[in-house]
Amino acid sequence: MSDSGKMIRFIDSSYNTLFYVPDGGNVVLTYSDGKKAVRPCKFIDEYHTQVGHSVYHICQFAEIMEHNGTSYVPEQAQKLPEACYGTLPLSGELILIKKGEKGYHKCSNSSPHREQNEMTAAQNNRRMGVTLQQEAAMLGGSLSGWATPAARLSSYDLKGQPVRPGKERMHRAQEAMR
């Protein structure tokens, strides 16, 4: 792995950030027939990466994978960040969440508009390298407790949506195998 400290952003075809891989890290591709392949990744710039022997624009990679029915995940399981931004589910208020702390910190720059706060949280989290999955688990931990399933990354898909309980056990088993 490179020690450049650069992170490669992987997105879906709608430009939603799914996860980050460090320069020199690997992604696991799962093809439509179920076969898997591990590919090394090299940082080119913010919007281009080398996966295996090919260089892609990050959206081009996402579109090709989507078209081929291939899923992709980081080889190394992600961890919860030290902090991230989010919005309260009921009020839409902008908040700062700190790992391990019960509750959250209200942000003084919170807008009265949920959509603006969601955009602000997304921009701040993108700068911090925080994914939607991590944000969802951080919010779950801050509201429900850090020892609960709500604080586990495996409880959410890459877009930050809760996974069904049966799927969560499968994700946890996959995380344990890594």
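The values are calculated or read from the model by the stated rules, or taken from the named source; none is laboratory data. Predicted, not measured: the structure shown is a model, and the values here were computed from it. Cβ coordinates were reconstructed from backbone atoms using ideal geometry, including for glycine residues, and neighbour counts include every protein chain displayed.
For region 111-159, give me the residue count where each residue is part of a loop (DSSP other than H, G, I, E, B), over 19 Å from Gln76 (Cα atoms), touching a residue at least 40 places away in the same chain (Cβ under 8 Å) and touching a helix residue (DSSP H, G or I) at 6+ places or on another chain (Cβ under 8 Å). Show your work before the answer.
At the first step, the residues of region 111-159 found to be part of a loop (DSSP other than H, G, I, E, B) are 111-113, 129-131, 145-148, 152, 157-159.
Still in the list and also over 19 Å from Gln76 (Cα atoms): 111-113, 145-148.
Okay, now just the ones that are also touching a residue at least 40 places away in the same chain (Cβ under 8 Å), so 145-146.
Applying the additional criterion that residues be touching a helix residue (DSSP H, G or I) at 6+ places or on another chain (Cβ under 8 Å) yields 145.
The qualifying residues number 1.
When residues of region 43-77 are filtered for being touching a residue at least 24 places away in the same chain (Cβ under 8 Å) and more than 30 Å from His113 (Cβ to Cβ), how many remain? Walk me through how you get there before you give the answer.
Here is the first cut: in region 43-77, the residues touching a residue at least 24 places away in the same chain (Cβ under 8 Å) are 43, 46, 49, 51, 58-59, 61-63, 65-66, 68-77.
Subset that is more than 30 Å from His113 (Cβ to Cβ): 43, 49, 51, 61, 63, 65-66, 68-77.
Residues meeting the conditions: 17.
Annotation: Arg39 fulfils all but one of (1) modelled with pLDDT under 95; (2) of a type in the set (Lys, Arg); (3) over 17 Å from the mean Cα position of the chain (by Cα); the unmet one is (1). Note on region 140-178: among residues that are of a type in the set (S, T, N, Q) and modelled with pLDDT of 90 or more, the one that is surrounded by the most Cβ atoms within 10 Å (Cβ to Cβ) is Ser142. Taking the listed residues His53, His67, the one that is exposed (fewer than 13 other Cβ atoms within 10 Å of the Cβ), within 19 Å of Gly24 (Cα to Cα) and outside the structural domain of Thr148 (by TED's automatic domain parsing) is His53, with no other qualifying.
Any residue in region 18-38 that is in a helix (DSSP H, G or I), not assigned by TED's automatic domain parsing to the domain that holds Leu153 and not aromatic (Phe, Trp, Tyr)? No, region 18-38 has no match at all.
Among the residues that make up region 61-68, is at least one of them closer than 23 Å to Pro40 by Cβ and not in a helix (DSSP H, G or I)?
Let us first name the residues in region 61-68 that are closer than 23 Å to Pro40 by Cβ, namely 61-68.
Going one step further and asking which of them are not in a helix (DSSP H, G or I), we end up with none.
There is no residue in region 61-68 that is closer than 23 Å to Pro40 by Cβ and not in a helix (DSSP H, G or I).
Number of residues in region 80-102 that are in contact with a helix residue (DSSP H, G or I) (Cβ under 6 Å, 6 or more places away or on another chain) and in a strand (DSSP E or B) equals 6.
Is it fair to say Ser108 is touching a Gly at 6+ places or on another chain (Cβ under 8 Å), assigned to a loop (DSSP other than H, G, I, E, B), small (Gly, Ala, Ser) and surrounded by fewer than 17 Cβ atoms within 10 Å (Cβ to Cβ)?
Values: touching a Gly at 6+ places or on another chain (Cβ under 8 Å): no; assigned to a loop (DSSP other than H, G, I, E, B): yes; small (Gly, Ala, Ser): yes; surrounded by fewer than 17 Cβ atoms within 10 Å (Cβ to Cβ): yes.
No.
Among the residues of region 70-79, those that are surrounded by 12 or more Cβ atoms within 10 Å (Cβ to Cβ), in a loop (DSSP other than H, G, I, E, B) and either at pLDDT below 95 or not assigned by TED's automatic domain parsing to the domain that holds Leu18 (or both) comprise Glu75, Gln76, Ala77, Gln78.
Take the residues in region 87-100 that are more than 15 Å from Ala136 (Cβ to Cβ) and in contact with a Ser or Thr (Cβ under 7 Å, 6 or more places away or on another chain), then tell me which one is surrounded by the fewest Cβ atoms within 10 Å (Cβ to Cβ). So, considering only residues that are more than 15 Å from Ala136 (Cβ to Cβ) and in contact with a Ser or Thr (Cβ under 7 Å, 6 or more places away or on another chain), the one surrounded by the fewest Cβ atoms within 10 Å (Cβ to Cβ) is Glu93.
Give region 14-50 a look and list any residue that's loosely packed, with under 15 Cβ neighbours inside 10 Å and not charged (D, E, K, R), or say none. If you could, list the steps in order and put the result at the bottom.
Narrowing region 14-50 to residues loosely packed, with under 15 Cβ neighbours inside 10 Å: 14-16, 31-38, 45-47.
Hits for region 14-50 are Ser14, Tyr15, Asn16, Tyr31, Ser32, Gly34, Ala37, Val38, Tyr47.
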